[in-house]
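Nothing in this text is a laboratory measurement; each read-out follows from the coordinates by a stated rule. Keep in mind that this is a model prediction, so the values were computed, not measured. Note that each Cβ is placed from the backbone with ideal geometry, even for glycine, and that neighbours are counted across all protein chains shown.
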Amino acid sequence: MAALILSFLFAFLLSDLPPSSAQPLILSSFNLSDSPWRPDQNQTLLSANNVFAAGFRPAPSSQKLYTFSVWYQNISERTIVWSANDKSLVNGSAALVITASGQLRLNDFSGQNLWPWNASGNPNSTELILDNNGNLNYANWQSFKFPTDTILPNQNMSLIVSKNGKYRFTNSTDLVYDSTDSYWTAPNGNVLQVLNSDGEMVQGNGGSFISADFGANRLRRLTLENDGNLIIYSFDPDLGKWVIVWEAIQQACIVYGTCGPNAICISDGSDSTTTACSCPPGFRPSAGGAKEGCEIKIPIKDARKTKFLQLDYVNYTSGPNNTIQINAQNLTICRHSCYNNSKCLGFGFKYDGQGYCALQLERLLYGYWSPGTETAMFLRVDSNENDTSNFTGMTSLLETICPVNISLPLPPEESSTTTRNIVIICTLFAAELISGVVFFWGFVKKYIKYRDMAQTLGLEFLPAGGPKRFTYAELKTATNDFSNLIGKGGFGDVYRGDLTDHRVVAVKCLKHVTGGDAEFWAEVTIIARMHHLNLVRLWGFCAEKGKRILVYEHVPNGSLDKYLFQPGQPRFTEDYELETGPVSANGMNPILDWNIRYRIALGVARAIAYLHEECLEWVLHCDIKPENILLGDDFCPKISDFGLAKLRKKEDMVSMSRMRGTRGYMAPEWVRSDPITAKADVYSFGMVLLEIVTGTRNFEMQGSLKNSEEWYFPGWAFDKVFKEIKVEDILDSRIKHSYDSRAHFQLVDRMVKTAMWCLQDRPDARPSMGKVAKMLEGTVEIIEPRKPTIFFLSDE
């Protein structure tokens with residue numbers, strides 16, 4: 001009797017336990033006999049492999065509201081990958097039922113069916129089953145056909161929408177904001193078909209791309225996040241959390257809607273999710289802050305009483321209906337086109353000589369700041385606006401001509417008498433006559449001497465607006481009698497100078513220049529025509545008293561080799577070697593991160609492409625190496641020592657009577673005495689590009705077992721990357737720890753593949769520098785290269 005009473009009390013206590021404390025009831029399927037299924041029944045539908053689960057889940061906003069969802073089971077983060085009623089939460093009175101007619105329904109408190117589309121079957125035989133891929137099946141209905149914000153491995157790609165409803169991935173190709181404006185398209189416009197379980201994304205053209213953890217046995221998902229980025233996640237069991245292994249957009253500011261109307265999105269590039277919204281000059285934040293948008297301070301009432309404020313590296317993309325792109329030969333024409341259009345709120349202009357001019361009409365949307373845009377935005381404001389632009393870049397350095405206003409004093413009042421006027425006029429006439437005779441006599445005396453010099457140097461043909469001609473005395477004063485030596489080069493010494501207008505210059509005194517006066521004049525005329533952001537700018541010259549001097553802009557941070565190679569490594573003596581540049585807290589030059597290295601490589605490639613393909617003459621550098629790549633204040637690369645290159649027409653080959661360049665960077669055709677073309681510079685650039693990635697000299701053996709005479713730096717790098725698949729082994733050891741396969745894989749992969757193509761033995765196998773720049777930009781597809789070899793070594 002006592003045992004019976006104890007059993008009864010134990011059963012009574014268990015019945016009073018809350019449902020959450022009991023173990024959930026595991027279902028392998030849900031059929032008519034299990035109906036209805038209510039949120040408080042603590043039931044879970046489990047896949048056969050125990051990877052996925054389905055059932056009612058409490059909403060994050062309220063534990064009393066539920067969604068019927070599918071999630072990953074048995075991991076620390078039970079991430080929801082599909083929901084039937086994500087936009088219409090239900091309370092505890094809801095139920096999942098199979099009706100007598102076989103229809104699967106999710107009824108809310110009012111009896112309304114929230115289940116997506118019609119799901120019907122035989123009530124006696126049809127069951128709701130969760131398969132091993134996470135696909136919920138009922139008769140012919142599948143959850144894979146109605147995704148929410150996530151695509152699972154082996155699920156065909158279709159329309160997905162972010163949880164906040166702002167972003168869509170449509171047609172399996174385009175990311176779209178607000179259902180209308182596309183801000184990202186799949187590579188080469190090929191549709192994304194399916195994400196394989198090993199991390200490979202298959203595309204519609206038969207191609208594919210892989211995630212950073214390709215091949216690893218992990219759980220994965222493709223999700224469209226609320227910030228508008230399309231991301232592949234992989235669950236790392238060691239860290240116990242989801243990690244990003246691929247993302248469509250590296251710069252978050254490119255995503256539309258990150259900031260409100262008129263605002264400018266700013267990102268430092270260190271984190272693809274960290275952004276800030278700022279108002280341009282002449283605007284103030286709206287009531288909700290700059291993230292919600294900006295308002296103009298002084299509304300424009302008369303379009304004729306306006307001015308433009310220049311915002312460097314700022315771009316607005318207001319959509320096809322509000323952006324008109326025209327071809328403008330120069331900035332004045334572009335500004336005039338916007339000024340005459342009362343609806344024009346500003347225009348974007350590129351200083352690339354291609355005539356890019358984009359007028360922004362009626363609204364300014366999706367503004368962002370990035371040096372990669374190469375665009376300067378000119379914002380229209382009222383002429384009474386006092387704000388100045390705080391978005392400044394390199395274009396401000398182009399303004400080197402200062403206006404000078406000259407005025408004459410008014411004559412004294414007593415000069416009105418006739419006699420005094422006659423005396424003054426006669427005196428001035430006599431003085432002018434005497435001065436003219438003296439100057440004419442001096443001109444005749446010096447004419448023969450300077451005529452011969454001018455004809456020899458061709459100075460009588462110096463174009464208007466060309467480089468300034470300095471006197472030797474001016475340069476002697478500017479350099480403190482040539483006492484501040486900052487470098488030595490093969491063509492002369494370089495001194496630091498301070499001009500009277502406070503500009504700091506590098507004064508190069510030429511010596512031992514083969515070819516005499518003609519070659520010196522060739523350098524002056526060539527460099528005077530060069531106008532590129534990544535070329536050292538020539539500001540003037542001096543040809544006096546047998547001296548040949550060039551005056552360049554001063555590049556303060558010195559040459560690239562000081563930042564790439566460890567202290568104590570050998571360097572080749574070139575200009576600016578005595579300059580130390582900026583130093584870090586430990587007294588050494590700062591270490592360049594991967595983004596800066598990529599920008600340096602891309603800038604150098606564009607500059608060489610400019611020399612090869614965009615100049616009036618075909619210019620070969622013949623000595624591309626880190627010592628000839630100088631770095632500006634913001635580590636903007638500038639190529640030096642290109643003025644003495646040989647000139648030929650583009651259809652001609654170049655035959656050099658002697659070898660030019662530096663060992664280790666010279667193309668094989670120099671040794672074989674083959675004709676030298678622009679592909680020799682391509683080879684040298686490839687070697688420099690590989691050194692930028694590795695941070696070591698190309699002749700330093702990296703733990704190889706080969707003899708030193710058989711060692712070949714590109715071949716070693718090729719084996720590590722393409723045979724051993726150990727790209728980490730070639731990275732610069734000083735920043736190897738900061739290499740992030742998610743953020744840096746595409747940069748490093750493009751740099752290494754491009755370098756291998758540039759280092760091919762045969763010149764005709766190497767790409768042109770224009771294509772090299774596009775390969776680095778990622779605008780052309782890079783196929784896997786062949787292994788580079790030296791012409792006298794066999795390929796193993």
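The simple spin-label model puts a point 7 Å past each Cα toward its Cβ; for residue 724 and residue 617 those points are separated by 4.7 nm.
With 0.36 nm allotted per residue and the present C-alpha distance subtracted, the residue 736-residue 321 stretch has 144.8 nm of extension available. Annotation: for a label point projected 7 angstrom from Cα along Cα→Cβ of residue 109, residues of region 65-99 with backbone N closer than 15 Å are 65-67, 88-95.
Sequentially through region 625-640, phi angles give Karplus couplings (6.51, -1.76, 1.60; θ = phi - 60°) of 6, x, 5, 9, 10, 9, 10, x, 4, 9, 6, 6, x, 9, 7, 10 Hz, Gly and Pro residues having no value and appearing as x. From least to most packed, judged by other beta carbons within 10 angstrom and beginning with the fewest, 509, 542 follow the order 509, 542. In region 94-246, taking the dipole from charged Cβ atoms about the Cα centre, the farthest positive-side position among 122, 231, 156 is held by 122. Note on residue 59 and residue 342: their simple-model spin labels are 4.9 nm apart, each label 7 Å out from Cα toward Cβ. Multiplying the residue separation of residue 124 and residue 241 by 0.36 nm and removing their Cα-Cα distance gives an extension gain of 37.9 nm. In a simple Cβ point-charge model (Lys, Arg +1; Asp, Glu -1; nothing else charged), region 18-145 has a dipole of about 200 debye relative to its Cα centre. Summing Cβ point charges (Lys, Arg +1; Asp, Glu -1) relative to the Cα centre of region 264-397 gives a dipole of roughly 520 debye. Sequentially through region 159-176, phi angles give Karplus couplings (6.51, -1.76, 1.60; θ = phi - 60°) of 4, 10, 10, 5, 4, 7, x, 7, 10, 9, 10, 10, 6, 6, 9, 10, 8, 10 Hz, Gly and Pro residues having no value and appearing as x.
The Cα atoms of region 18-145 give a gyration tensor whose axes a ≥ b ≥ c have a/c under 1.5, which makes the shape rounded. For region 71-145, the square roots of the Cα gyration tensor eigenvalues, ordered a ≥ b ≥ c, give a/c of at least 1.5 with a/b no greater than b/c, which places it in the oblate category. The modelled label-to-label distance between residue 423 and residue 663, using points 7 Å beyond Cα along the C-beta direction, is 8.4 nm. Ranked by how many other Cβ atoms sit within 10 Å of their own Cβ, fewest first, the residues 608, 98 fall in the order 98, 608. Between residue 226 and residue 749, what FRET efficiency comes out of the Förster formula 1/(1 + (r/R0)^6) with R0 = 30 Å and r the beta carbon distance, rounded to 0.05? Using R0 = 30 Å, I get an efficiency of 0.55.
If the segment from residue 504 to residue 437 were pulled out straight at 0.36 nm per residue, it would be longer than the present Cα-Cα gap by 20.1 nm. The mean of 1/r over all distinct Cα pairs in region 264-397, once inverted, gives the Kirkwood hydrodynamic radius of 15.2 Å.
Taking only the alpha-carbon positions of region 118-249 and ignoring solvent, what does the Debye formula give for the base-10 log of I(q)/I(0) at q = 0.18, 0.20, 0.21 Å⁻¹? The Cα Debye sum returns log10 ratios of -1.02, -1.18, -1.25.
When peptides 685-693, 40-48 are sorted by average Cβ neighbour count within 10 Å, with the highest value leading, the order is 685-693, 40-48. Among 699, 68, a tally of other beta-carbon atoms within 10 Å of each Cβ gives an order, fewest to most, of 699, 68.
Which of the pairs 476/511; 736/774; 87/241 have their Cα atoms more than 24 Å apart in this structure? In this structure, 736/774; 87/241 exceed 24 Å between Cα atoms.
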